[in-house]
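Student: Just passing along the structure, written as structure tokens.
Values quoted throughout were computed directly from the atomic coordinates according to the rules given, and no laboratory measurement underlies them. Remember, predicted model here, so these are calculated numbers, not experimental data. Quick reminder, even Gly has a Cβ in these numbers, built from the backbone with ideal geometry, and neighbours come from all protein chains shown.
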Amino acid sequence: MVESILERFTKEHVANASTMTKEISDSADVCKSLTKKVEKLTADTIEFMEDYKNTYNSNIVTTNKAIQNDLAMENKIMDALAIKEEKCKVLETQLHYTEKQVDDLQSEKAVTRSCISNVTGLLSNIIETREPMNSITGEKCGSKVQSNEPPKAPVNPLVIKKETKCKEKLFNDEPIIDDEGDKDPDEAKLKRHKAREAELDEHACIVREAEEKEKAKKEAQVTLKIRMMLFPKWTLKRIQNEVVDLPGQCWLDPVASFDVQNSQDSQLDLPLALKAFRYRAFVKFVDALLTDSKAGQMLFAFYLKHMKPQHENWSIHKIIAVKVTRLIETESFSNEKFKVGRGSSCQAYEFTLADLPCLNPHDWIVLYNMLLRAKEKYRPLMILLQLMIKSYI
């Protein structure tokens, strides 16, 4: 009885164990399958995140480049707009001056017409007044000649007709008039008329010369005003800001007339290189421990003290002759004085090394080529000009 119970219990236990083993095996298979799926999902997620990260970084780089390009384009447009604004200001000034000239010419024209009409009326009145006077003078001269001759038959007394215009005879009888006496008033009248014309011509010439001088003076004033607008005054703050702190995106900003003829009276009009304010070829510092910023401040102060205004230095007339006159000693720098002839008329100009940053950079090239003829004598100056040209390039 007990054996049968044990056998039955054993069979049931074995059956239960087999069932549990099978279930465990099935569960293990399911777990393995789920594990593989999770691993695959994890790998796919990691791959997706890597792709997303790469795409994100690529988009950020592309966006940054686009923003930088847009900023560069915006700066370029702003620079172009600034140049256009300067041109518009210059054109507005020229237009205002032209309109003023037109008004002045119209006023002068009206005054001239009024003067001409007055002079014409005056001459007409003089001519009309002289005609009866000449006729009366001729009649009197004829009467005198007649009285000196032997007495003749009596004649009727003279009766003068009152006429408004002296186009008919003033006496009833035919007088005896000497031809010589009739010619003299006409000749005198012609001489006076010529003298009056010469006086009027001289007066008109004087007025015309005065108008030309006034016009040239106004044009010179407008030209000076335009040049001062194109070349603002340099200050230490402006040099520090535009050259050191916030330099422009482009060094080659057009400044003046954009000429490209390269003749004696119209040389290449190159834009100014602000880098030229930082060259140090003629420094002779006593204190070798000066910092770069302090040296720059000394250099900029040297420029502001010794250089002329830029609108006086800049010229499109080419240098055709040069002479290095003398050495100018200063506290921190050695300065040289130049005397040059510009243009076909060889007009004389003077400047120093301190003025070089404010010259047309094409002047540096011309000076360098001229000094190259006496290379040994002007070697330090040639080194300086070479550095200036490099700073421009």
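Student: Residue by residue through the stretch 81-125, note down the ones that are more than 15 Å from Lys215 (Cα to Cα) and touching a helix residue (DSSP H, G or I) at 6+ places or on another chain (Cβ under 9 Å).
Tutor: Matches in the stretch 81-125: Glu86, Lys89, Val90, Thr93, Thr112, Val119, Leu123.
Student: Return the pairs, sorted by first residue and then second, in which the second residue is part of a helix (DSSP H, G or I) and polar (S, T, N, Q), the first residue lies in the stretch 215-226 and is closer than 12 Å to Gln101 by Cβ, the beta carbons are less than 8 Å apart, and the residues are 6+ apart or on different chains.
Tutor: Taking only residues 6 or more apart or on different chains, the pairs are Lys215/Gln101; Lys218/Gln101; Val222/Thr93; Val222/Gln94.
Student: Okay, moving on. Is it the case, given these coordinates, that Lys37 is surrounded by 10 or more Cβ atoms within 10 Å (Cβ to Cβ) and under 30 Å from Lys215 (Cβ atoms)?
Tutor: So Lys37 fails the test.
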